[in-house]
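See below for the structure under consideration.
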Amino acid sequence: MIKQQKISSSINLETFYYFHTKNYYQIQEPFVYDIDPNTNTGVIGLSMHTTVDKRHRIAFFNYPSYELIREYNVSNFTPSNWSCQIMGIQSINFQQEKVRLFAVVICKPPVDQEDDDRMNTWQSLLIYRLHDNGYIQCLADINNLDSYQFLGRGIFFFSNEDRPLQVKDWLNIIDNHRHSHSSNFVYMLAFGLDSDDYNGHGHIIQFDLYQSIMDPLLKETYWIERSISTAKIIFTAPLGIQVSCMIHFRHYPQLHHLICIGNFESEELSIYDWRFGIKVGSIGWDKNIQPWGFESTFAVLPSLSSNMSSQQLSAYGLRLVAVGDAQEDNSFEIRLLDITHLLQVDWNPFKDTSELKRIILNNHTSMPYNNSNNNDTSVLRVHRLNRKVEYTAYNILHTSLYLLTREGQLCIMDIESGNITKTVNVGSSVDINVLGSRDVIVTRKHGLLLLKHE
């Protein structure tokens, strides 16, 4: 029997000690982490900068101890109004070794938003390896992203050993021998949209795990001839038009190939297989609600076993939490959607490529990830909140939704009933993150608050 886990109503607030002596630094989004669900241990990464002289720093911490691993100080960075931010950190298995990789993006803000810390147009992307002893190794430098006007929203590393993705078979289809492929190559998906017309894209970057390059962000390498990086974009997948928000199902290996796309004006959410850039399913939506964010969770937390099949995992009830603005009454809407059917689909385009060709050639054909039942059955709950309270960020832990207001209130909602179960004053804050299915982290300009359920 599957048992529902409850969250205690008792919450402790702790200030993250690191910033007691670093209060001249401001935290930049996003807050990134790499936590092993089997051991509940891992690494947290934070980007920071000073407001006066624009010094940039990335700090890494152990989780759950929050002990500092190392600080990476960027010493060669111009112009001063651009940002330097860690975009993601992730461990992959490669040749019987666990490898931890992270990406740093150099961003250029729009002219009228130079003081905004949110992610902006990517100019270049750097890929690094973080070793267990804290040593950082630069592996790739993609410095032509400005030509794409790319507003990145997330990254995902993968290798030939990611079995659900069937990487070798996939490369044979999309690459058609245009690029050489070494056994040392690993890959990164960078997904987002372009700043011109908000069309979605997924850029696939190939790089050599065992070929280091000079780090262009370190001052001591400034006068050394820049290393030639073999990293390159080998494929760009289209991921919808007029995109308002996206979520990659990175936490579920069975769904690594899928991205859910929200649209500014549409009666559905779209499911894309980013490996090919094709739409493979849809979820019913209200076109009067403009979605601007997604999170995913389970109705009941599954066990920590990573060997669970898709069918076994589907018994726990996969959910999508979608938030958006209701145009008719200017309210804030939260929808809880049942997307369990995504785990129940047997989609293998490599067995018979004729099905893949059929979907590509006919956008109106039956798609494998369409819900076999009426799409309306996907909507489990709809909650409307008064827009007089301005919500700036949200996240979900188990079945509790955390909503951050501009006034510095953290509201905790039971996602099933829509009831606000607790309100905590956290002060002026910018984001909420959930770590290890246990801790909630509130990001502030000059520090972090740890919310621990007792």
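Laboratory data are not the source of any read-out in this text; all were calculated from the coordinates shown. What you see is a predicted model; the values in this text were computed from it and never measured. Ideal geometry is used to build each Cβ from the backbone, glycine not excepted, and the neighbour counts take in all protein chains shown.
Brief remarks follow.
- Stretched out straight at 0.36 nm per residue, the stretch from residue 292 to residue 91 would grow longer than its current Cα-Cα span by 69.5 nm.
- Positive contributions from Lys and Arg (+1) and negative ones from Asp and Glu (-1), summed over other residues with Cβ under 12 Å from the Cβ of residue 432, come out at -3.
- Length gained on full extension, residue 172 to residue 301, computed as 0.36 nm times the residue gap minus the Cα-Cα distance: 42.7 nm.
- A simple packing score, the average count of other Cβ atoms within 10 Å per residue, orders the peptides 390-398, 414-422 as 390-398, 414-422, with the highest score first.
- Between residue 351 and residue 14, the contour length at 0.36 nm per residue exceeds the Cα-Cα span by 116.1 nm.
- Loop-located GluC sites (Glu not before Pro) in segment 254-286 whose Cβ has at most 12 other Cβ within 10 Å (DSSP): 265, 267
- For 343, 450, the sequence from fewest to most other C-beta atoms within 10 Å is 450, 343.
- Nearest-0.05 FRET efficiency for residue 381 and residue 330, computed from C-beta distance (R0 25 Å): 0.75
- Each other residue within a Cβ distance under 13 Å of residue 147 adds +1 if Lys or Arg and -1 if Asp or Glu, for a net charge of -2.
- In a reduced charge model with +1 at each Lys and Arg Cβ and -1 at each Asp and Glu Cβ, the chain shows a dipole moment near 680 debye about its Cα centre.
- Computed FRET value (nearest 0.05) for residue 409 with residue 50, which takes r as the C-beta separation and R₀ as 41 Å: 0.90
- Subset of 287/388; 279/445; 98/232; 232/279 violating a 32 Å alpha-carbon distance limit: 279/445
- Answer label for Rg and Dmax of the Cα atoms in Å (calculated), chosen among [x] 20.2, 67; [y] 20.3, 63; [z] 21.6, 64: [z]
- Percentage relative contact order, the chain, counting C-alpha pairs under 8 Å, at least six apart: 12 percent
- For the peptides 327-334, 284-291, the ranking by mean Cβ contacts within 10 Å, running from highest to lowest, is 284-291, 327-334.
- Working note: 222 nm ellipticity from helices only, DSSP H runs with n ≥ 4, each -39,500 (n - 2.57), summed and divided by the residues of the chain, gives -1000 deg cm²/dmol to the nearest 500.
- Shape class for segment 144-302, computed from the alpha carbon gyration tensor (a ≥ b ≥ c): prolate, with a/c not under 1.5 and a/b above b/c.
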